[in-house]
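Q: This is the structure I have questions about; it appears just below.
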Amino acid sequence: MYALVYITTSGEKESKKIGRTIVEERLAGCINIISTIESLYWWKGEIEEDKESILLVKTKVSNIENIIKRVKEIHSYENPAILAIPIIEGSKEYLDYLDGEIR
């Protein structure tokens, strides 16, 4: 079983740092970075407006807990958004590629 893990960061630089760590540690086969997004959210009773970045992490469900733990260790946010979304189907060739690259 596979998952897409959605992570927001403070910007492209942090996304690259976290993404490289996850891939180097073989917790994911591939990550994508969406460099700039606009975010509106509640934080400590106030509405915040920020520019952020998104990491899309392609991995196995069995690695989700390790990814969450590792991201929390190196992320600049007190409470980073880390959401795992199940992949219900994909091309056999791509899923085989993930199998070969993920620990």
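Every number here is computed from the coordinates shown, using simple stated rules; none is lab data. Only a predicted model underlies this, so the values are computations on that prediction, with no experimental measurement involved. Methodologically, a virtual Cβ is constructed for each residue, glycine included, from the backbone with ideal geometry; neighbour enumeration extends over all protein chains shown.
Q: Cross-chain or 8 or more residues apart, Cα under 28 Å: how many lysine pairs in region 2-101 fit that? Count them up, please.
A: Step by step, the pairs that qualify in region 2-101 add up to 29.
Q: Any idea how far apart Asn32 and Arg103 come out in nm if each label point goes 7 Å out from Cα toward Cβ?
A: Distance between the two pseudo-spin positions: 2.6 nm.
Q: Same structure, new question: Kindly put Ile74, Ile22 in sequence by how many other C-beta atoms sit within 10 Å of each C-beta, fewest to most.
A: So the residues, fewest neighbours to most, are Ile74, Ile22.
Q: Based on DSSP H runs of at least 4 residues, each adding -39500 (n - 2.57), what is the mean residue ellipticity at 222 nm of the chain after dividing by all its residues, to the nearest 500 deg cm²/dmol?
A: Rounded to the nearest 500, the figure is -10000 deg cm²/dmol.
Q: So if each residue of separation counts as 0.36 nm, and I subtract the Cα-Cα distance between Ile88 and Met1, what length gain in nm does that give?
A: On the way: separation 87, 0.36 × 87 = 31.32 nm, distance 0.80 nm.
Residue separation times 0.36 nm, minus the Cα-Cα distance, leaves 30.5 nm.
Q: Dipole of the chain, Cα-centred, from +1 at each Lys and Arg C-beta and -1 at each Asp and Glu C-beta, to the nearest 20 debye?
A: The dipole of the chain has a size of about 360 debye.
Q: Please give the contour-minus-distance gain from Lys69 to Lys51: 0.36 nm per residue of separation, less the Cα-Cα distance, rounded to one decimal in nm.
A: Taking Lys69 through Lys51 to full extension adds about 4.1 nm, to one decimal.
Q: Find the percent of Cα-Cα distances in the chain that exceed 16 Å, and round it to a whole number.
A: 55 percent
Q: Can you tally the net charge around Val71? Count Lys and Arg as +1, Asp and Glu as -1, for every other residue whose Cβ sits under 12 Å from the Cβ of Val71.
A: Values: positive: Lys17, Lys69, Arg70, Lys72; negative: Glu14, Glu25, Glu65, Glu73.
The answer is 0.
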